[in-house]
There are 2 protein chains.
Amino acid sequence: MKDNIKESLRVQIYEDNEELRNMLSMLLTHSNGFELCGAFSNCADVINNIAECLPDVILCDIEMPGVDGIEGVRIIRKQNKEILILMYTVFDDNEHLFEALCEGANGYLLKGESPAEILKALKEMYAGGAPMSPSIAKKVLRLFSIQREKTESDLTPREKEILTLMVAGKSVKMIAGQLDIAFETARTHIKNIYEKLHVHSQTEAVSKAIKERLV
Amino acid sequence: MKDNIKESLRVQIYEDNEELRNMLSMLLTHSNGFELCGAFSNCADVINNIAECLPDVILCDIEMPGVDGIEGVRIIRKQNKEILILMYTVFDDNEHLFEALCEGANGYLLKGESPAEILKALKEMYAGGAPMSPSIAKKVLRLFSIQREKTESDLTPREKEILTLMVAGKSVKMIAGQLDIAFETARTHIKNIYEKLHVHSQTEAVSKAIKERLV
DNA sequence: TCATTCATAACCCTTTTTGGGTATTGCGAT
DNA sequence: ATCGCAATACCCAAAAAGGGTTATGAATGA
């Protein structure tokens, strides 16, 4: 939601390289619609920096001496879920990327993006988006498709249904009740499931079902 | 205009709305660097369509009568992991989004994007990116951060250890053996865990532990 | 038509789990 | 020094789950 009165986006910078930090500062101070509110060389004092300057968004490198960017995000998110954080880094490996996203970063740009792209990303983030460099977006999407190989089990539909209820924590009695079948019928299905999965208890079955994505 | 003969991106369209399909066809035939190779109203014959026209990328609606877009992606990916697929839909709900991504879509645009954005997304996808509408990108990123909040439970370290073994499918006897404690001690811990989680069985505890990411 | 699979259901019997206690030891905080 | 808590351990009775077996009707397919 954009505020008519607010004329510019308040941006705070964290970047250890002085040259780049100055360049980014210049970029922001001289671009319409942006306002620089602080530029720091690491996240050591990030809570105070935010409290003093009240930025809308944070542009944050990852590799920095002292408190790094990911640790910075962690610290910020412990008490502030609202402020927007755009990672800006050379790291394009999965580890840094997913750690940053898990801690609550709102976007992830690789160094190498043009100044115009940086400004666009900051705006996009403020408008409710999640800007990512193309190769980063691809890595993120790939996460969804790679894992999908659900092991082919020869469970019947009914058995799958019952296994699902077991995974949900239901007892035999509850399963029978919910599916409107006799207790002994539910048990028969469960026994067949155990045989097919080569397990001997509900917890084992549930564990295996989850590990092998059978449900 | 040097590359309008050679090096144009071959795009195939799947969209049930005839008006929109024609509009998209026009857009592609009249844009430099793009070449339309087929426009269809559903994915019923997607394998043949691809084999005949050999597109580089596919622009694909989701809601279509007959074989819909998500089913289409599934069919394509069964035999072709290379071709690029950009979903183009009105659906911005998590279910459609994540299903499409899991099946192997390479990008996800919402209807409402400008023609220029569509062309840009097609190009970006071909360049190795994963274009998403801003609000879609945000949903995707949110997946990483929301789940990270492991519910704060007041389980002791020993209890967490035991819960972990339960989640792995171990019985009380096995847990006791593995931790080298008495059977009754393991049971005491388990009883305490049940009380803290408000559950009454191993499967319930395992289910809750997984759902609330306690382990 | 006949064999197979699936979903349904029941029986007997054993083992495990669960819920209720009680109790000791050790360790850090008051 | 004492309090509280975590970890250890045991007992008993009831409930639930597990293992084996058999059986029937419906649907499917060779």
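The values are calculated or read from the model by the stated rules, or taken from the named source; none is laboratory data. Since this is a predicted model, take the numbers as computed values, not measurements. So basically every Cβ, Gly included, is an ideal-geometry build from the backbone, and we count neighbours across all protein chains shown. With ligands, DNA and RNA removed, areas are computed over all heavy atoms of the protein, side chains included. Shrake-Rupley method; radii C 1.70, N 1.55, O 1.52, S 1.80 Å.
Here are the numbers for the structure shown:
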item: Cβ-based net charge around A:Tyr88, under 10 Å, with every Lys or Arg adding one and every Asp or Glu removing one; result: -2
item: Pairwise label distance in nanometres, B:Met26 with B:Tyr194, each label 7 Å out on the Cα-Cβ vector; result: 7.0
item: Solvent-accessible area lost in complex, 10 Å² minimum, residues of segment B:169-204 relative to chain alone, 1.4 Å; result: B:Gly169, B:Gln202, B:Thr203, B:Glu204
item: Over segment B:9-146, relative contact order from alpha-carbon pairs under 8 Å, at least 6 apart, %; result: 19
item: Loop-located trypsin sites (Lys or Arg not before Pro) in segment A:41-123 whose Cβ has at most 16 other Cβ within 10 Å (DSSP); result: A:Lys81
item: Difference of contour (0.36 nm per residue) and Cα-Cα distance, A:Ala116 to A:Glu19; result: 33.1 nm
item: Hypothetical label at B:Asn80: residues of segment B:12-47 whose amide nitrogen lies under 14 Å (7 Å Cα-Cβ projection); result: B:12-14, B:37-40, B:43-47
item: Crossing angle, helix B:18-29 versus chain B [Cα axis fit, 0-90 degrees, rounded to tens]; result: 70
item: Segment A:1-122: C-alpha gyration tensor shape, a/c 1.5 cut-off, then a/b vs b/c; result: rounded
item: Position B:Lys196, label points 7 Å along Cα→Cβ, spacing to each other copy in nm (shortest first, one decimal); result: 3.6
item: Label-point separation in nm, A:Glu95 to A:Thr185, each point 7 Å along Cα→Cβ; result: 5.4
item: Fraction of accessible area attributable to carbon and sulfur, segment A:157-211 (%, probe 1.4 Å); result: 56
item: FRET efficiency, B:Ile47 to B:Gln178 (Cβ-Cβ, R0 51 Å, nearest 0.05); result: 0.50
item: Other-copy label distances relative to A:Arg142, 7 angstrom Cα-Cβ extension, nm; result: 2.6
item: Using distinct alpha-carbon pairs, which all enter the 1/r mean, Kirkwood radius of chain B in Å; result: 20.5
item: Position A:Met26, label points 7 Å along Cα→Cβ, spacing to each other copy in nm (shortest first, one decimal); result: 4.7
item: 0 to 90° range, to nearest 10: angle between helix A:94-103 axis and chain A longest Cα axis; result: 90
item: Links that overshoot a 24 Å alpha carbon limit, given the list A:Lys191/A:Lys211; A:Lys78/A:Lys208; B:Lys78/B:Lys208; A:Lys123/B:Lys111; A:Lys78/A:Lys120; A:Lys120/B:Lys139; result: A:Lys78/A:Lys208; B:Lys78/B:Lys208; A:Lys78/A:Lys120
item: Probe 1.4 Å, accessible area per residue of segment B:12-99, Å²; result: 48
item: Sum of -39500 (n - 2.57) over DSSP H runs of 4+, divided by residues of chain B (222 nm, nearest 500); result: -15500 deg cm²/dmol
item: Size of the B/A contact, given as accessible area buried on both chains, probe 1.4 Å, in Å²; result: 2600
item: Ordering of B:99-105, B:88-94, B:64-70 by packing [mean C-beta count within 10 Å, highest first]; result: B:99-105, B:64-70, B:88-94
item: Lone cysteines, chain A (no partner Cβ under 4.7 Å); result: A:Cys43, A:Cys60, A:Cys102
item: Between 0 and 90°, nearest 10: helix B:202-211 axis offset from chain B longest Cα axis; result: 40
item: Other protein chain Cβ atoms within 10 Å, averaged over every residue that makes up A:96-109; result: 3
